[in-house]
Amino acid sequence: LGAGTTRPALSNCYLMEIHDDMGHIAKSVSDVLLLSKGSGGIGASITKLRATGSPLKSNFGGVSSGPTPFAKIIDTAIRAVMRGGKKKGALCFYMENWHYDFPEFLDWKHNAGDDYMRMRTANTAVFLSDEFMSRVQKDQDWYMFDPAETGDLNELYGKEFSTRYAHYVEKAERGEMVMFKKVPAKEQYRQIITSLQSTSHPWLVWKDTINNRALNNNTGTIHMSNLCTEIAIRQLDNLIDINILPIPEAAKSDRENRAIGLGVMGFADTIEQLGMSYDSEHAWDFADRIFEFVSYMAIDESANLAQERGSYSHFAGSEWSKGKVPIDTLNKVGESRGISVTVDSQSKHRGLNWQILREKVKKGMRNATLMAVAPNANIGLVVGTTPGIDARFAQVFSRNKISGKYMDINHNLVKDLKNMGIWEKVREAIIENQGDISNIPGIPQHIKDVYKTSFTTSPLAYVEVAARAQKWVDQALSRNMYLETRDIDETMDIYTTAWKKGLKSTYYLHMKPRHTAEQSTTKVNKAEKIGKRGFAAVASATKEETVSEIKQPIESPLIIQRVEVAKVATPVYQREEMRDEIREASTIQPSMPLVSPVPEVKKDTSLSREEIMSKLSSNPNFQVKSQPKVCPIDPAERAQCDSCQ
């Protein structure tokens, strides 16, 4: 965002942990303002903030208002400060789900409720432990505590966390904890997924998987991911030296860790050109091979840079210094959980010698972190490819951006259909079907299999592609999910599968809309094609029937010329005689019949609905179908409407 400017902001993702101290909270708000001004996206952990109602340590007494009011200050701050003067700030709050105020945290992104208790700009993500997922599987209870009483839980993960958490549970059962809540673990998991379905928040991130697989775990516990859950190695390392950062803490971290995150984009674009379906085993193996190759080359180049320029400050004591690479940490996750991660950890490349690379890594690494897969929604649009590892949303759709609206069309599909000579025949049908070709006749099945949309692709395929990539990536990746189902239990199973396969994080959950707007770009009136008739057609039919009844030959009326007679004074007795003659003449029949003119047929607007339907039912050429129910406008009525729900 800042490349080529006088103050280049070349590193745009920052992490911060907010401590339970008023001075540090104020400092964090200031840092957020400065980082946002410098175009940064921010991840902020608020787990350490004491719970609502927790006694304060000050001499004045009183109780804490909880993390929500302070989060609201930060939410307002990022809305006030434009990132690089181009777009509003971006931040994600992270909270572990054992926090006493976690139920309130789940409501932060809901539209309804007190606006002072809602975050209108910031995103939210939940940090889930293996202990919680295990309790969900076993139908056990889950306890929530005040961080002021359980401050060490935030710094623990894996078996150490489980042991300490069980200790606090026992204290709570003995009545030795001032504040705690107890709910069924599965019920809280259901609440998380329900909130995710309705607001696309909170994003799910697994704390133990991240920390167990961290190769620089000698620098402390990881409490959050960055905003995008999201950087070729030499170029990125060079950027660290010329980057200008808004706050000294960020500059210090950059110098000491030299953290980067190399990602990918265009995965779906590539497999389409190779003729692979996103939910096929061939595509999953391809993802496995691609990410293994990128991971190997990134690690190798960072080790080369370390020999040239030196290792990062905290290399000694890290997992890197022990010769570990990302794939080696997968077994550690299984050991910590007590169950194996359900993803193949074998190498797919015979030409890559990982053992030689492990020995090379022991001598030094230039960068603490190397790979991360960002969503790349905007960058993918700029370079004309698909974002990150996501499937293609649709074959034809529009994107709304700050600079305007763009038509996104799958040129791979157009090329294949043109080569088969059927593009012009199916073009309008593709637009009418919202970019979905699965039900369009005339398109071969193998083309339909390759060119699926995000909602016609199996959700388990999203999990599998991410799992194949995650095992080679040292950091996390952004995994958007697209679901047709609204069944809570089914959605819970999908996210549980993601945890079992070793994913560190997920991103937005996109639900398929219940209703879609009819496309009228190419043909406005589709009534005849879809077999629907409105009242305009009924009225037209009634008029045609009436006209057909009177289409008979008629005789022309007799034309009688009017003779103007001059007014002459006439005696009274002569007037009487003239009246008598006129009366006699009026009784004489004319030699030609006189036919009255036929009045103009007008549309009878006085017909009732029953009369119209009766006329229509007597005509075999027309068929009346029931019209769809119109949804109410009133919000209270919409809440009770089945279609709206």
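Summary of values
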item	result
Condition met for SER313 (farther than 23 Å from ASP254 by Cβ and either touching a Cys at 6+ places or on another chain (Cβ under 9 Å) or at pLDDT below 95 (or both))	no
Of residues in region 432-468 being of a type in the set (Val, Ile, Thr) and farther than 17 Å from PRO513 by Cα, the one surrounded by the most Cβ atoms within 10 Å (Cβ to Cβ)	VAL465
Filter result for ILE494 (in contact with a helix residue (DSSP H, G or I) (Cβ under 6 Å, 6 or more places away or on another chain), farther than 30 Å from LEU128 by Cα and modelled with pLDDT of 90 or more)	no
All positions within region 294-321 that are in a helix (DSSP H, G or I) and within 37 Å of the chain's Cα centre (by Cα)	VAL294, SER295, TYR296, MET297, ALA298, ILE299, ASP300, GLU301, SER302, TRP320
Any hit, region 346-360, residues being under 37 Å from the mean Cα position of the chain (by Cα) and farther than 17 Å from ARG468 by Cβ	no
Subset tally (residues that are in a loop (DSSP other than H, G, I, E, B), more than 17 Å from ASP390 (Cα to Cα) and among the basic types (Lys, Arg)) for region 493-509	1
Long-range neighbours under 9 Å by Cβ, at least six apart or interchain, first residue farther than 15 Å from ASN412 by Cα and outside the structural domain of LYS405 (by TED's automatic domain parsing) within region 375-393, second in a helix (DSSP H, G or I) and among the acidic types (Asp, Glu)	GLY380/ASP269
Test: PRO387 is farther than 30 Å from ALA316 by Cα and either touching a His at 6+ places or on another chain (Cβ under 9 Å) or surrounded by fewer than 18 Cβ atoms within 10 Å (Cβ to Cβ) (or both)	no
Every residue from region 255-286 that is crowded, with 18+ Cβ neighbours inside 10 Å, more than 23 Å from ASN419 (Cβ to Cβ) and of a type in the set (Asp, Glu)	ASP279
Condition broken by VAL343, with the remaining ones in (1) closer than 30 Å to SER129 by Cα; (2) touching a Lys or Arg at 6+ places or on another chain (Cβ under 9 Å); (3) part of a helix (DSSP H, G or I); (4) among the hydrophobic types (A, V, I, L, M, F, W, C) satisfied	(3)
Scope region 53-70; condition hydrophobic (A, V, I, L, M, F, W, C), in a loop (DSSP other than H, G, I, E, B) and touching a strand residue (DSSP E or B) at 6+ places or on another chain (Cβ under 9 Å); matching residues	LEU56
Selection from region 359-384 of residues that are surrounded by fewer than 21 Cβ atoms within 10 Å (Cβ to Cβ) and modelled with pLDDT under 90	ALA377, ASN378, ILE379, GLY380, LEU381, VAL382, VAL383, GLY384
Condition check for LYS405: surrounded by fewer than 18 Cβ atoms within 10 Å (Cβ to Cβ), modelled with pLDDT of 85 or more and in contact with a Ser or Thr (Cβ under 7 Å, 6 or more places away or on another chain)	no
Residue in region 159-168 that is modelled with pLDDT of 95 or more and in a loop (DSSP other than H, G, I, E, B) present	no
Residues (part of a helix (DSSP H, G or I) and under 30 Å from VAL426 (Cβ atoms)) located in region 444-492	GLN445, HIS446, ILE447, LYS448, ASP449, VAL450, PRO459, LEU460, ALA461, TYR462, VAL465
Among the residues listed as LEU215, LEU196, LEU236, the single one being assigned by TED's automatic domain parsing to the domain that holds ASN111 and either crowded, with 20+ Cβ neighbours inside 10 Å or among the polar types (S, T, N, Q) (or both)	LEU196
Candidate set: region 204-251, residues that are of a type in the set (Ser, Thr, Tyr) and over 20 Å from MET133 (Cα atoms); chosen: the one modelled with the highest pLDDT	THR219
Members of region 45-56 found to be surrounded by 23 or more Cβ atoms within 10 Å (Cβ to Cβ) and of a type in the set (A, V, I, L, M), listed by number	ILE46, LEU49, ALA51
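One line per residue, one yes/no per condition, for (1) in a loop (DSSP other than H, G, I, E, B); (2) assigned by TED's automatic domain parsing to the domain that holds LEU56; (3) more than 28 Å from GLY175 (Cβ to Cβ):
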| site | (1), (2), (3) |
| --- | --- |
| LYS72 | no, yes, yes |
| PHE93 | no, yes, yes |
| PHE105 | no, yes, no |
| VAL126 | no, yes, yes |
| GLU131 | no, yes, no |
| SER134 | no, yes, no |
| ASP139 | yes, yes, no |
| TYR143 | no, yes, no |
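The values are calculated or read from the model by the stated rules, or taken from the named source; none is laboratory data. Because the structure is predicted, anything quoted here is derived from the model rather than measured. With ideal geometry, Cβ positions are generated from the backbone for all residues, glycine too; neighbour counts draw on all protein chains shown.
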